[in-house]
Each structure stands twice: as C-alpha cells, then as structure tokens.
Amino acid sequence: MNTSLTNAARLLAAGLRALLVLTVVTGILYPLVVTGVAQGLFPGKANGSEVTADGGRVVGSSLIGQAYELPLRDGRKTPEPDLKWFQGRPRNGLGTNSVNTQYDLILSGATNRSADDPELVRWVKDAKAAVVKDNSVPGHPVRPGDVPADAVTSSGSGLDPDISPQYADLQVYRVAERNGLPAERVQRLVDEHTTSRTLGFIGEPRVNVLELNIALKELVAPAAGN
C-alpha cells in the first residue's frame, strides 16, 4: 500500500515537473525567441505591415484593402465610391455575420458561387457598367472590353489590397480630372507604385491601392495649396 502511494506520488511529481518545464519552454521561452527574431529581422511584417502617413500616423496595413467611399446618404443602403481616389476590388459576396449581430465584423472569404450563378453574373454586369460609367471622362471613354477581371470580381479573401496595373491605368483619367491634376503625372504615379512579379516569375504585377492613394494625397496637397 505504501509502495503504491509512493510510486503514484513520484509519477505525479514527475508529471508536474514535465508540465512546468514544457510550459516555460513552449509558453514563454519559445514565443520570446520567435518574437525577438521577428522584431530583429522583419520588424515591419512582425508588426502587421503597417502603413503610415500624415507625419507617422498609422493609416492601415499593406496587406488589407480599404474602402474609399463617400458618407452614406439618406435612402441608400450602400455608400457610393469616392471617385477622387483609386478604387480597389469589389468586396461584395462575402455574406453577413449571422452569429454575432451586435458588431459589424470584417468578413473574409470568397463567394463560392459557380460562374453561371445568376446573382454573381448580375453582380459582375452591374460592376462593369459602374466601372465604365465612373471612369469615362470627356475625350477618354472606357469601353466594356477595357475593364479587367479584378475590377468586377472580389478576391478569394475579399480583402485584397492590390489591383492590376490595367485597372489602375483605367482609373487614371478619372482620378486626374477629379483632383485637377495632369493625367501624365497621375499615370507616372501609378507606374512608380507598380510592383513586378516576385522574383520575376511568381504572381502577377500589382499596385497597392492604399500606398498609391497616400502618394496621390501627397501629390494633391501642394496643388490644393496654390
């Protein structure tokens, strides 16, 4: 009887020691090491790829797209895009938060609809018509065939921060007109913020909308002050 209690106590003590050691190693030391390495080698990425503007104020992340919209008007269910800014990809089709309806949460995900789904087809047609209408300016009309796929479809996450150079180019004349800038200068801004394929062959060329609009704001500010 005493031997059994002694063995049980020994095993319990060994288990508690193992639990304590593993807790310290995996719960304290390992996270500290990983955090230290990340902060030392990749501080920007470790802190969420923050983007700053206006004297160092954090305005977003380069990994998450933002909406550039006008305040919601009475009688409308959805806000209108603020056309003085470059617009990102559509965010519709992500569904609604049916679990916790008290807060407006960010949803991430694709529509999972088939290519011939009637509602998806209607979304794409409506989005294309809006892109053509919004970006057509006197002397530079936009044809439906000019509209790239990323201008009328949401990404797999719905939070894509980038657009294709083709979609950015399509918006140049509209952005230039709305901000009173030469189209050539706005086009040069797009070219300066176009990122090539990673390592020359991975992915596609892309333009980060948040970073482009920050540069646009800096370009517009001196012109507005004159």
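Table: residues versus (1) within 30 Å of Tyr167 (Cα to Cα); (2) at pLDDT below 85; (3) in contact with a Lys or Arg (Cβ under 7 Å, 6 or more places away or on another chain).
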position: Leu11; (1), (2), (3): no, no, no
position: Ala14; (1), (2), (3): no, no, no
position: Leu22; (1), (2), (3): no, no, no
position: Ala38; (1), (2), (3): no, no, no
position: Gly56; (1), (2), (3): yes, yes, no
position: Lys77; (1), (2), (3): yes, yes, no
position: Asp82; (1), (2), (3): yes, no, no
position: Gly109; (1), (2), (3): yes, yes, no
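Looking across the range 60-80, the residues that are part of a loop (DSSP other than H, G, I, E, B) and either touching a Ser or Thr at 6+ places or on another chain (Cβ under 9 Å) or among the acidic types (Asp, Glu) (or both) come down to Ser62, Leu63, Ile64, Gly65, Leu72, Asp74, Glu80.
Given the criterion surrounded by 16 or more Cβ atoms within 10 Å (Cβ to Cβ) and touching a Ser or Thr at 6+ places or on another chain (Cβ under 6 Å), identify the matching residue among Val220, Val152, Val142.
Val142
Within the range 195-215, is even one residue touching a Leu at 6+ places or on another chain (Cβ under 7 Å) and farther than 20 Å from Arg89 by Cβ? No: zero hits.
Residues in the range 169-190 that are touching an Asp or Glu at 6+ places or on another chain (Cβ under 9 Å) and under 14 Å from Glu211 (Cα atoms): Val190 alone. Of the helices (runs of 4 or more DSSP H) lying entirely inside the range 155-226, those containing at least 3 residues that are of a type in the set (A, V, I, L, M) are 172-179, 183-192, 209-225.
The values are calculated or read from the model by the stated rules, or taken from the named source; none is laboratory data. What you see is a predicted model, and the numbers here were worked out from it, not measured in a lab. Note: ideal-geometry Cβ built from the backbone for every residue, glycine included; neighbour counts use all protein chains shown.
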